[in-house]
Amino acid sequence: MILERISIVNYRNIEEATLDFSPGVNCFVGANGMGKTNLLDAVYYLSFCKSASNPQDGANIRHGAGFFLLQGNYRSEQGTEAHVSCAVKEGSPKRVKWDDKPYRRLAEHVGKIPLVMISPSDSALVGGASEERRRFMDVVISQHDAAYLDSLVRYGRSLQQRNALLRREEEPDWNLMSVLEEMMAQDAALIYRRRAAFTEVFRPLFREIYAGLCNGAAETVDIEYVSHGARGDLLPQLRDGRAKERIVGYTLHGVHKDELQLLFNGFPVKREGSQGQMKTYFIAMKLAQYLYLKERGERRTPLLLMDDIFDKLDAGRVGRIIDYVSGSAFGQLFITDTNRSHLDLILGASACDYRLFNVKDGKVS
């Protein structure tokens with residue numbers, strides 16, 4: 001997909017902006033706090049119906065305004081055009097439309113405009129809790145697998161209700177507990193299969209990209225998927241765990257406990273890797289996510305957003321990342337940086353069309 005034009009009204013510190021983009025590389029330069037990341041977040045919002053950094057829609061409305069409006073004009077590889085609009089007004093439900101037709105469920109929109117965003121917050125992938133790595137799998141798989149997203153939503157609801165029953169002071173309704181457990185087991189089976197299949201394809205992509213970015217350095221990386229699903233059907237695990245879970249007040253078994261073990265030279269990367277190596281690690285994961293999505297679903301080429309990612313990387317790794325994303329495997333690219341020299345390197349390495357935007361105090365030129 002190509003984002004040809006975006007119109008922004010009252011989104012964060014951007015009062016109003018209408019930008020026409022290059023189908024190749026689009027660079028945003030400016031000091032910190034000027035609004036570069038907010039521009040990328042507006043592009044992200046049009047794909048996922050939510051902000052990359054703030055899940056509270058009202059918090060993304062510009063101070064003093066009562067609403068925000070985002071509109072994007074897209075063109076597919078086949079030349080088909082589409083118009084997407086997202087409107088949020090204080091005190092009213094969010095409205096998202098595709099070609100002026102509102103969605104019945106926002107989940108129907110996820111995956112129509114595949115997108116990968118790389119930002120400093122992705123350091124949580126390697127340094128954060130297991131929840132971050134589960135979220136990574138969920139975001140990737142949900143963009144091409146609607147059944148997975150449906151199962152994930154149902155499983156989350158059932159889990160929440162089961163935990164509420166476990167925390168009750170009086171004896172739970174065991175009939176209701178059994179129904180919830182059966183639903184959880186059914187959805188967990190699908191989630192486990194899809195995550196296992198994803199990891200099988202994703203691992204070699206990731207290892208190849210990391211090796212390229214570190215230019216043959218003596219660094220070996222791997223990813224292992226660890227899940228309760230490997231023990232078999234979840235239903236007996238839930239029933240056998242009831243007594244202990246009544247004591248602790250939450251569910252101890254299930255795919256909500258899954259983990260991706262990120263290994264560096266055979267050990268956890270967050271223990272063994274330097275800052276530069278850990279950053280290279282999550283950048284390689286996100287670039288592998290891009291290539292994975294490119295070959296899935298209806299094979300729409302994703303948008304790639306890179307937000308201020310070159311800090312703490314040596315010049316060699318910066319150059320290899322630039323060479324990699326400037327290659328033919330990648331489509332439309334959006335990059336922010338405070339350092340104009342990085343952007344000049346990117347533009348110099350790219351043979352495709354580009355546009356450079358300056359951002360200051362929420363205004364774009």
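Evaluating Ile223 against the criteria (1) of a type in the set (Val, Ile, Thr); (2) touching a Phe, Trp or Tyr at 6+ places or on another chain (Cβ under 9 Å); (3) part of a helix (DSSP H, G or I) leaves one unmet condition, (3).
Restricting attention to the stretch 54-107 and to residues that are in contact (Cβ under 8 Å) with a residue 24 or more places away in the chain and within 23 Å of Asp150 (Cα to Cα), the residue that is nearest to the chain's Cα centre (by Cα) turns out to be Ala107.
Listed by position, the helices (runs of 4 or more DSSP H) inside the stretch 230-288 whose residues that are of a type outside the set (Ser, Thr, Tyr), out of contact with any helix residue (DSSP H, G or I) (no Cβ under 6 Å at 6 or more places or on another chain) and farther than 25 Å from Pro120 by Cα number at least 1 are 234-240, 242-248. Counting the residues of the stretch 140-167 that are in a helix (DSSP H, G or I) and in contact with a strand residue (DSSP E or B) (Cβ under 9 Å, 6 or more places away or on another chain) gives 1.
A short reminder: the numbers here are calculations on the coordinates, not readings from a lab. Please read these numbers as outputs of a predicted model, since none were measured by experiment. Reconstructed Cβ throughout: ideal geometry from the backbone, glycine too, with neighbour counts over all protein chains shown.
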